[in-house]
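Undergrad: Before I ask anything, here is the structure I am working with.
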Amino acid sequence: MKINVLITPNSVDELYFTGKTTVVIDVLRASTTIVEALQNGAKEIVPVATVEFAVKLSGGMFGGHTLLGGERNTRKIEGFALGNSPLEYNENIVSGKSIVFYTTNGSKAIVKAKFSENMFICCFNNINAIAKHLVKLNNDVEILCAGKSNLFSMEDTVCAGRLISEILKLSDEIKITDSSRAAIALNRAFGKNLMAMFQESEHGQLLLDNGFEEDLKLAAKVSSSEVIPYYTSSVIKSLTG
Ligand code: MLT
């Protein structure tokens, strides 16, 4: 099993993912929100790459069962029911619902990887569940960091490094590429205090400036969830039911 890290989505095109097993990471906050929504009983998340498509798609769906969620510049989009704070996605609101989901980087990265044979969504909250599942699958893995405006983001690459470190604890038949090695080194250097790492990161600072400190605290919980979000037929469902 070989593991590679794509530290930004723009180093490859969408055909690169054809037939691959891909893990998409957008710690702050799309992956964390997706895990939280599925944990709280959302039926499915429908990731989209534009706001216009989100609105069009939700218009064709059954009103009460579908919610529009996501953000622009960290804030809820006009006309959307939900923003991108994982704390909004509580059981009362999302249970049984389909959520059409647009975010600046995360949902776009997921849509970019749509030709993958298997695609999972990972954040710190479900990192052990994803590691165990990947070892069981035993396929080569591409870890796609959503990054920030097609550039590097610290928290996604640290999470990738931690995921690989967890996998290495579970199996000794793993090959890693140079970018995987770099992600592991970053996790060693910055992954011990996740809250501090978030506070120093560009996107963490933007979220703090916009009043989302509680989201950072939630995103810093390691392996608090067993949810394995799995992309299939254009929607993300929980593999664990
Ligand atoms: C994104 O997809 O860019 C993020 O999830 C933005 C955010 O923090 O809401």
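Just so it is clear, none of the values below were taken in a lab; they were calculated from the coordinates. Note that the structure is a prediction, hence the values are computed from the model and not measured. Virtual Cβ from ideal backbone geometry, glycine too; neighbours counted across all protein chains shown.
Undergrad: Mind checking the dipole of segment 5-84: about its Cα centre, +1 per Lys or Arg Cβ, -1 per Asp or Glu Cβ, Debye to the nearest 20? It would help to have the intermediate numbers written out before the result.
TA: Values: 7 positive and 8 negative charges, 31 e Å.
The calculation lands at about 140 debye.
Undergrad: Multiply the residue separation of Ser95 and Ser234 by 0.36 nm, subtract the distance between their alpha-carbon atoms, and state the gained length in nm to one decimal. Could the numbers behind the result be given before it?
TA: Numbers: separation 139, 0.36 × 139 = 50.04 nm, distance 1.97 nm.
That pair, Ser95 and Ser234, stretches by 48.1 nm at full extension.
Undergrad: Another question, then. Report the number of Lys pairs in segment 128-192 whose alpha-carbons are under 22 Å apart, with separation of 8 or more residues or on distinct chains.
TA: Working: Lys132/Lys169; Lys132/Lys175; Lys132/Lys192; Lys136/Lys169; Lys136/Lys175; Lys169/Lys192.
Within segment 128-192, the lysine pair count is 6.
Undergrad: Counting only residues 5 or more places away or on other chains, whose amide H sits under 5 Å from the amide H of Arg72 once H atoms are built in the peptide plane?
TA: Residues meeting the criterion, in which the H sits 1.01 Å from N, are Ile77.
Undergrad: What distance in nm separates the simple spin-label points at Glu78 and Asp140, each placed 7 Å from Cα in the Cβ direction?
TA: Reported label-point gap for Glu78 and Asp140 is 4.7 nm.
Undergrad: Under a point-charge model restricted to the Cβ atoms of Lys and Arg (+1) and Asp and Glu (-1), what is the dipole moment magnitude of segment 150-192 relative to its Cα centre, in debye to the nearest 20?
TA: With only Lys, Arg, Asp and Glu charged at Cβ, the dipole is about 160 debye.
Undergrad: Give the peptides 139-151, 171-183 in descending order of average Cβ contacts within 10 Å, highest first.
TA: On the way: 139-151: 20.6, 171-183: 15.0.
Sorting 139-151, 171-183 by mean packing, highest first, produces 139-151, 171-183.
Undergrad: Then there is this: Between Ser224 and Ala182, what is the label-point separation in nm under the 7 Å Cα-to-beta-carbon projection?
TA: Those two pseudo-labels are separated by 3.1 nm.
Undergrad: Kindly write out, for segment 3-10 in residue order, the coupling ³J(HN,Hα) from the Karplus curve 6.51 cos²θ - 1.76 cosθ + 1.60 (θ = phi - 60°), rounded to whole Hz, with x marking Gly and Pro.
TA: Couplings: 10, 10, 10, 9, 6, 9, x, 8 Hz.
Undergrad: Among 186-192, 111-117, 223-229, what's the highest-first ranking by average C-beta atoms within 10 angstrom per residue?
TA: Numbers: 186-192: 16.0, 111-117: 18.1, 223-229: 20.1.
The packing order, highest mean first, is 223-229, 111-117, 186-192.
Undergrad: Related question: Find the relative contact order for segment 2-234 and round it to a whole percent, using C-alpha pairs within less than 8 Å whose residues are 6+ positions apart.
TA: Details: 477 pairs, mean separation 77.3, N = 233.
Computed value for segment 2-234: 33 percent relative contact order.
Undergrad: Pulled fully out, how much extra length does the chain show between Glu14 and Lys56, if you take 0.36 nm times their separation in residues and subtract their Cα-Cα distance? Before the final figure, lay out each step's value.
TA: Numbers: separation 42, 0.36 × 42 = 15.12 nm, distance 2.30 nm.
So the extension gain works out to 12.8 nm.
Undergrad: Along the positive direction of the dipole of segment 2-234 (beta-carbon charges: Lys, Arg +1; Asp, Glu -1; about the Cα centre), which of Leu163, Ser95, Ala146 reaches farthest?
TA: Farthest towards the positive pole: Leu163.
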